[in-house]
Amino acid sequence: MRERLIVTDVAAMDSGVCIAGYVGARSTRPVLPEGGGIPWAYLRDESGNFVEPLTEVEINLLKHTPRPPHTEDRLIDGTGRIRIVRRLPEPEAQSFLRRVCRGSVTDLFGAEIVDRRYILPGQGHSSLGTLRVSRITWLDLDRDEDRGRDQFTLGFADSTGMSYRLRVTDVAFREHCRRTWERTSGRRDLAAIRVRERLNDAEEIFLRIGLSRPFEPGPGVGRRCYLMVTGVYTFPSYLDAPWAEYYAALSELG
């Protein structure tokens, strides 16, 4: 059925993207029956406009398919068009994130977080949550040449003082880091400092924290769901271009 979704996550996957948000007060992640990322083409409306974070859209959501901790999954057929209803004005977007946020990472998932890095499959009541943090303490911009991937890792402390360092999959944040990297003539260390300072100049910082699908990172260690940052939001915004411009600049888009 057609339902209204406020989008809070547009995160990179190996193929396509993962989107998530809220239907009313319920955290919701649209997923394809075959799994994997949602094609970018699906995230354009009839006029070719991209679905952006903190935008209300109308989407055809089907069966609820929870598999703890990924209890938010709702099937989509991947063929119908998303209709963009409106973009939330900044004050409304800020109020919305304040309303859904939690103070600590341990409040988000309802399961033990092992080594501040992962939880075990089958545990917990959710795989997505919103966190408000006072500052970003660390940022590393790296590249795995063997896999041909940028690896951006962000450090922060939650309201309990517990520190975390998590990989970032937020598409716009990653593209912003790449552009800053280019402007510093490839100086990763300098680019990381500039991005971190830009984030900390904001009055308020929100992070969307998600869990990866279960996988085994090494032989015999067992399957794990790793924590990651799926959305980075500041007020005022740290971005120096509209979200859609970042998306359109990516090589995956045609």
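Here are some notes:
- Asp142 surrounded by fewer than 21 Cβ atoms within 10 Å (Cβ to Cβ), outside any loop (DSSP other than H, G, I, E, B), acidic (Asp, Glu) and in contact (Cβ under 8 Å) with a residue 40 or more places away in the chain: yes
- Pairs are defined by a Cβ separation below 6 Å, a sequence spacing of at least 6 or placement on different chains, a first member in the range 69-83 that is crowded, with 21+ Cβ neighbours inside 10 Å, and a second member that is assigned to a loop (DSSP other than H, G, I, E, B) and among the hydroxyl-bearing types (Ser, Thr, Tyr); the pairs so defined are Pro69/Ser127; His70/Ser127.
- Checking each residue of the range 47-63 against the condition of being of a type in the set (Ser, Thr, Tyr), assigned to a loop (DSSP other than H, G, I, E, B) and at pLDDT below 95 gives at least one match.
- Looking only at residues of the range 68-103 that are at pLDDT 95 or above and among the small types (Gly, Ala, Ser), we find that the one that is farthest from Arg132 (Cα to Cα) is Ala93.
- Residue that is farthest from Glu175 (Cα to Cα), among those in the range 195-221 that are touching a Cys at 6+ places or on another chain (Cβ under 8 Å) and among the hydrophobic types (A, V, I, L, M, F, W, C): Leu211
- Yes/no for Arg194 being without any contact (Cβ under 8 Å) to a residue 24 or more places away in the chain and touching a Ser or Thr at 6+ places or on another chain (Cβ under 8 Å): yes
- Among residues of the range 1-32 being surrounded by 22 or more Cβ atoms within 10 Å (Cβ to Cβ) and without any contact (Cβ under 8 Å) to a residue 40 or more places away in the chain, the one that is farthest from the chain's Cα centre (by Cα) is Gly21.
- Qualifying residue in the range 174-194 (condition: hydrophobic (A, V, I, L, M, F, W, C), out of contact with any Cys (no Cβ under 8 Å at 6 or more places or on another chain), modelled with pLDDT of 95 or more and surrounded by fewer than 18 Cβ atoms within 10 Å (Cβ to Cβ)): yes
Residue by residue, here is whether (1) of a type outside the set (Val, Ile, Thr); (2) farther than 29 Å from Val114 by Cβ holds:
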{"site": "Arg167", "(1), (2)": "yes, no"}
{"site": "His176", "(1), (2)": "yes, yes"}
{"site": "Thr180", "(1), (2)": "no, yes"}
{"site": "Leu190", "(1), (2)": "yes, yes"}
{"site": "Ile193", "(1), (2)": "no, yes"}
{"site": "Arg198", "(1), (2)": "yes, yes"}
{"site": "Glu203", "(1), (2)": "yes, yes"}
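- Enumeration of residues in the range 39-55 that are surrounded by 18 or more Cβ atoms within 10 Å (Cβ to Cβ), within 18 Å of Arg2 (Cα to Cα) and out of contact with any Phe, Trp or Tyr (no Cβ under 7 Å at 6 or more places or on another chain): Tyr42, Val51, Thr55
The values are calculated or read from the model by the stated rules, or taken from the named source; none is laboratory data. Bear in mind the structure is a predicted one, so any value in this text is a computation, not a measurement. Reconstructed Cβ throughout: ideal geometry from the backbone, glycine too, with neighbour counts over all protein chains shown.
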